[in-house]
Amino acid sequence: MWQLHNRRAFWDTSAGQQILTLDLIFRKISDAQRIFVGRAAQRGVELSCPPDCGACCHGFMPDVLPVEADYIAFFLLINQNNPGDGPEGHFSLLSPSTPASPSPCPFYAADRPGANCRIYEARPLICRLFGFSGTKTKNGGTAYRLCRHMPTPRGFPGRSPTQEALQRAIGTLPPLMSDFSIGILAIDPSRASERKPLVEALPPALARISATLHYCPEEPNAA
Ligand code: SF4
């Protein structure tokens, strides 16, 4: 998705480098989830969201760091299909009154069961770790909790299993949200305190990435 060979100059920019680093972290999350779900399946535990669910997006607005907003902005800009789909078109998506977006998240499409997220490939960290992730507790321990919308799978050790119980039942542990969160904060520590609701973070990101792409023109003869 991100291999824009005819925009190689973009990947040499600071924004391009940060997007690539975030992409690597997102791939690691996918790998960790795949391993956990795969190990569970080997032991007869079927872990998956209910079909056509999307309930975790209802009434939810993700908070994102600037680099996550840049990633989404880049995704939107390179996937625009209509000549009129510039940053202005994407700004209109962010209107809370957009009819297709009854929830606070402007990218939730209730009318597309099974494909409710219109930016699924570019969704932020918080949206990637619903369901199968652990969090650090205040006392330094780790807590695991199944998504409340997910029925308890047969063979799964309860809705809030301990690390030991999970390890016994599945043979491995799901990804820890805090580990990945620290990795994303480290991409640009100077903006680590600028976490904002997606709807606020995206307009400046669209302007930023659009301007950067403008100065990284397509190379017609590039492979
Ligand atoms: S970005 Fe996608 S997954 Fe995250 S809340 Fe919005 S619609 Fe849901």
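Each reported figure results from applying straightforward, stated rules to the coordinates on display, with no laboratory input. Just so you know, these numbers come straight off a predicted model, no measurement behind them. Backbone-built Cβ (ideal geometry, glycine too); neighbour counts: all protein chains shown.
Points worth noting:
- Among the residues making up segment 10-53, those that are assigned to a helix (DSSP H, G or I) and among the acidic types (D, E) are D23, D31.
- Residue match in segment 118-132 (condition: in a loop (DSSP other than H, G, I, E, B) and farther than 26 Å from F74 by Cα): yes
- Flag if T135 is assigned to a loop (DSSP other than H, G, I, E, B) and β-branched (V, I, T): no
- Residues of segment 152-183 that are of a type in the set (V, I, T) and either in a loop (DSSP other than H, G, I, E, B) or in contact (Cβ under 8 Å) with a residue 24 or more places away in the chain (or both): T152, T162, I170, T172.
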